[in-house]
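Shown next, in structure tokens, is the structure this report addresses.
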Amino acid sequence: MENDKVIIRKMELNDVEALSEMSNNDNIYRFIPPFLYKKSNKALETAIKNLGKRDFEKKKLIIAGIYLKDNPNRLVGLAEMFDYKKRENKITVGYKVNESYWNKKIATNTLKLMVDYLVNEIGITTLNAFVMPKNIYSAKILLNNGFIKENYTIQEKNWGGQEIVSVDVYTYTKI
């Protein structure tokens, strides 16, 4: 997937260093769910292999890399599509962007690409996103892209190293 700003594609092993920058940055880490807790490069290599091969091919969990159109070899973030529920025609989406690239509309462009792909090309009718309440910028991106904040929270485990965390639920529904 791509637009004039970003490219979303499978990660490669040469993305380990950039992925390590994100997983070792406390400003990003505090909002990260468990799959990126591995802070060693060896563990991140294994994660990339699994995310790009086994999990990707099984469509169990798609965590793709975000790259800038003007620098397509530098991983700047992650685009996440997971927890597909066929009966409900629903999937969960998320994104992480390296702090060096914040405030450059990368998350907005990534979310737009994912919504367009999942809704218009795949035909999924409902997208969910979960956001820790302190992550106000992510919440704003979701709201600006057609998601609605639900009137309830859910409990998640191991986000940002915390045992149990309440997260806000955002929903995008195809009209």
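Worth a mention:
- Protein heavy-atom accessible surface, 1.4 Å probe, per residue over the stretch 60-150: 51 Å².
- Of all aspartates and glutamates in the structure, those lying under 12 Å Cα to Cα from residue 49, and not within fewer than 8 positions of it along the same chain, are 12, 15, 57.
- Pairwise FRET efficiency - residue 173 versus residue 117, Cβ, R0 = 22 Å, nearest 0.05: 0.85
- For the stretch 123-175, fraction of C-alpha pairs farther apart than 16 Å, in %: 42 percent
- Debye log10 I(q)/I(0) for the stretch 72-175, one point scatterer per Cα, at q = 0.11, 0.12, 0.16, 0.24 Å⁻¹: -0.34, -0.41, -0.73, -1.45
- Using the alpha carbons alone, the radius of gyration of the stretch 55-132 stands to its Kirkwood radius in an Rg to Rh ratio of 0.98.
- Using a cut-off of 20 Å between Cα atoms, the listed pairs 105/140; 10/42; 42/105; 86/112; 69/174 include 42/105; 86/112; 69/174 as exceeding that distance.
- Taking packing as the residue-averaged number of other Cβ atoms within 10 angstrom, the listed peptides 91-97, 43-49 run from highest to lowest as 91-97, 43-49.
The values are calculated or read from the model by the stated rules, or taken from the named source; none is laboratory data. Please read these numbers as outputs of a predicted model, since none were measured by experiment. Please note: Cβ atoms are built from the backbone with ideal geometry, for glycine as well, and neighbour counts cover all protein chains shown. Calculation scope for accessible area: heavy atoms of the full protein, side chains included, ligands and nucleic acids excluded. Shrake-Rupley method; radii C 1.70, N 1.55, O 1.52, S 1.80 Å.
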